[in-house]
Amino acid sequence: MQRLMRKANVGDALVPLPGYSVTGLTHGDLSTLWPGLKLKSEAVNEMGRRLVAEADKLVFYNTFALERLHPVNLVEGTVGRGRPLSHTFFSTMAGGSNPKLGMDGQVLVAAHYVPGHFCLAFVDFDREKFMYIDPFCDFDKAGDHRKMGLKAMRELRKHVHEELVRQGSQCDVRTWEMLGLKAPKQPDGVSCGVCVLIMIELITTEGVGALYDLDKQCENLSASGHTEVAIDTTKVFVQWTEHYINTKRIEYASRLVNRQSVRSR
């Protein structure tokens with residue numbers, strides 16, 4: 001890992017994030033962050049949790065949430081019967097004392113895993129929208145993927161509404177729009193999980209508005225054929241370059257393999 005980091009010139013990748021715990025992660029989970037492999041849910045969930053740990057007004061729902069609300073089996077082409085999340089699920093994911101949903105500026109991000117593929121759903125409470133990003137293809141051209149995303153967002157919207165009612169909030173999300181955003185696509189068949197983590201990290205570092213800006217940039221890049229560093233526009237879709245994706249893989253992997261917890265210092 002050190003050799004790969006030096007090769008990719010990721011100098012600060014060993015700095016651990018606050019509150020890191022290796023509970024539930026195995027060597028097999030971590031190994032999926034190596035180039036050419038597909039991430040396991042455990043790696044995406046732990047890295048996603050760590051990315052939002054210190055972010056203000058940002059809540060991360062791990063893959064369990066949408067798998068339970070809208071279970072999908074792409075291989076068999078079936079959708080199972082969803083089940084509601086526990087009434088304590090939001091508070092567990094949000095952390096803190098008596099966390100509230102629906103605050104101004106709050107964003108709820110949910111990693112969506114279906115067999116063999118990761119996507120990202122998020123709730124933007126300021127803009128009153130439920131949004132979806134598919135790293136494989138554009139939402140408006142995704143066919144079955146779009147139907148899957150819309151159904152998942154409907155179930156997420158239902159859950160958010162029920163949680164807001166439970167908390168006594170006057171916020172009503174039942175008529176909020178459900179839309180897709182463009183983002184650079186995965187350059188191969190295995191990097192969807194890394195792309196989802198990149199989107200989550202972008203929200204934590206630059207705010208959710210950065211995703212809307214990226215949507216416009218992808219639209220403009222597709223139209224002009226212009227190429228930027230880390231983006232490849234020579235294909236049908238605007239794509240992340242393999243070099244950038246593999247650099248991010250090494251960065252995330254090195255964070256996860258560093259087992260030192262800040263709280264243990």
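Quick notes on this structure:
- Residue pairs meeting the criteria (Cβ under 6 Å; at least 6 apart or on separate chains; first farther than 11 Å from Met148 by Cα, in the range 69-86; second in a loop (DSSP other than H, G, I, E, B) and modelled with pLDDT of 70 or more): Leu69/Gly82; Val75/Pro115; Gly80/Pro71; Gly82/His70
- When Val52, Val22, Val75, Val15 are screened for being more than 13 Å from Gly193 (Cβ to Cβ) and modelled with pLDDT of 70 or more, only Val52 passes.
- Residues in the range 182-217 that are farther than 24 Å from Lys57 by Cβ, surrounded by fewer than 19 Cβ atoms within 10 Å (Cβ to Cβ) and not β-branched (Val, Ile, Thr): Asp188, Gly189, Gln217.
- Against the conditions (1) farther than 15 Å from His159 by Cβ; (2) over 12 Å from the mean Cα position of the chain (by Cα); (3) among the acidic types (Asp, Glu), Glu67 satisfies every one except (1).
- Close pairs (6 angstrom Cβ cut-off, 6 or more residues apart or separate chains): polar (S, T, N, Q) in the range 169-182, surrounded by 15 or more Cβ atoms within 10 Å (Cβ to Cβ) anywhere: Ser169/Gly102
- The residues of the range 164-178 that are out of contact with any strand residue (DSSP E or B) (no Cβ under 6 Å at 6 or more places or on another chain), under 18 Å from Asp126 (Cβ atoms) and not in a loop (DSSP other than H, G, I, E, B) amount to a single one, Leu164.
- In the range 78-94, residue modelled with the lowest pLDDT [restricted to those that are farther than 21 Å from Leu164 by Cα and not aliphatic (A, V, I, L, M)]: Thr78
- Selection count where residues are modelled with pLDDT of 85 or more and either in contact with a Ser or Thr (Cβ under 6 Å, 6 or more places away or on another chain) or surrounded by 21 or more Cβ atoms within 10 Å (Cβ to Cβ) (or both), scope the range 131-154: 7
The values are calculated or read from the model by the stated rules, or taken from the named source; none is laboratory data. Since we're looking at a predicted model, the values are computed, not measured. Methodologically, a virtual Cβ is constructed for each residue, glycine included, from the backbone with ideal geometry; neighbour enumeration extends over all protein chains shown.
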